[in-house]
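S.K.: For reference, the structure I am asking about is given below.
Read the figures in this text as sums done on the coordinates, not as results from a lab. Here the structure is a predicted model, which means the values were calculated and not measured. Glycine gets a Cβ as well: all are built from the backbone with ideal geometry, and neighbour counts include every protein chain shown.
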């Protein structure tokens, strides 16, 4: 079991915090949090995925709920080794850029 801080902000290779662009001229850029990136990969069908079953979709939804709950709480979620493997696989499909994928994997599995 790993305890992961899903409110951790992603940092680039130069250790500069990463931000999503502002959606409107009145908005300021929003920090990119690990939890936001993970929830996106869990709730969306990703390019290259085939035959995702209803059971798998529901399992992903439940994991997304746990992550969102942690984001709204103390920021920490307990993940099994299976959860981490699933999140790394899905984030690898979604975020093919090393500049985004690297920080996600570093935070999910620091020993990797």
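S.K.: Along Cα→Cβ, 7 Å out, is where each label goes; now give me the distance between the ones at residue 28 and residue 72 in nm to one decimal.
M.R.: 2.5
S.K.: State, to one decimal in nm, how far the label point of residue 40 lies from the label point of residue 15, with both points 7 Å from Cα in the Cβ direction.
M.R.: Result: 2.5 nm between the two label points.
S.K.: Across bins of 10 angstrom width beginning at 0, how are the C-alpha pair distances of the range 2-108 distributed, in whole percent?
M.R.: 14, 46, 33, 7, 0
S.K.: Something else about it: Taking only Cα atoms, what is the 0 to 90° angle, nearest 10, from helix 81-94's long axis to the longest principal axis of the chain?
M.R.: For helix 81-94, the angle is close to 60 degrees.
S.K.: Using only Cα atoms and rounding to the nearest 10 degrees, what angle (0 to 90) does helix 98-108 make with the longest principal axis of the chain?
M.R.: Between the helix axis and the principal axis of the chain, the angle is about 60 degrees.
S.K.: Can you sort 91, 2 from fewest to most other Cβ atoms within 10 Å of each residue's own Cβ?
M.R.: The order, fewest Cβ neighbours first, is 2, 91.
S.K.: Taking neighbour counts of Cβ atoms within 10 Å as a proxy for exposure, in what order, fewest first, do 24, 80 appear?
M.R.: Fewest to most other Cβ atoms nearby, the residues stand as 24, 80.
S.K.: Could you give the angle, 0 to 90 degrees to the nearest 10, between helix 54-72's Cα long axis and the longest principal axis of the Cα atoms of the chain?
M.R.: 40
S.K.: Okay, next question. Divide by every residue of the chain the summed helix terms, -39500 (n - 2.57) for each DSSP H run of at least 4, and state the resulting mean residue ellipticity at 222 nm, rounded to the nearest 500 deg cm²/dmol.
M.R.: -15500 deg cm²/dmol
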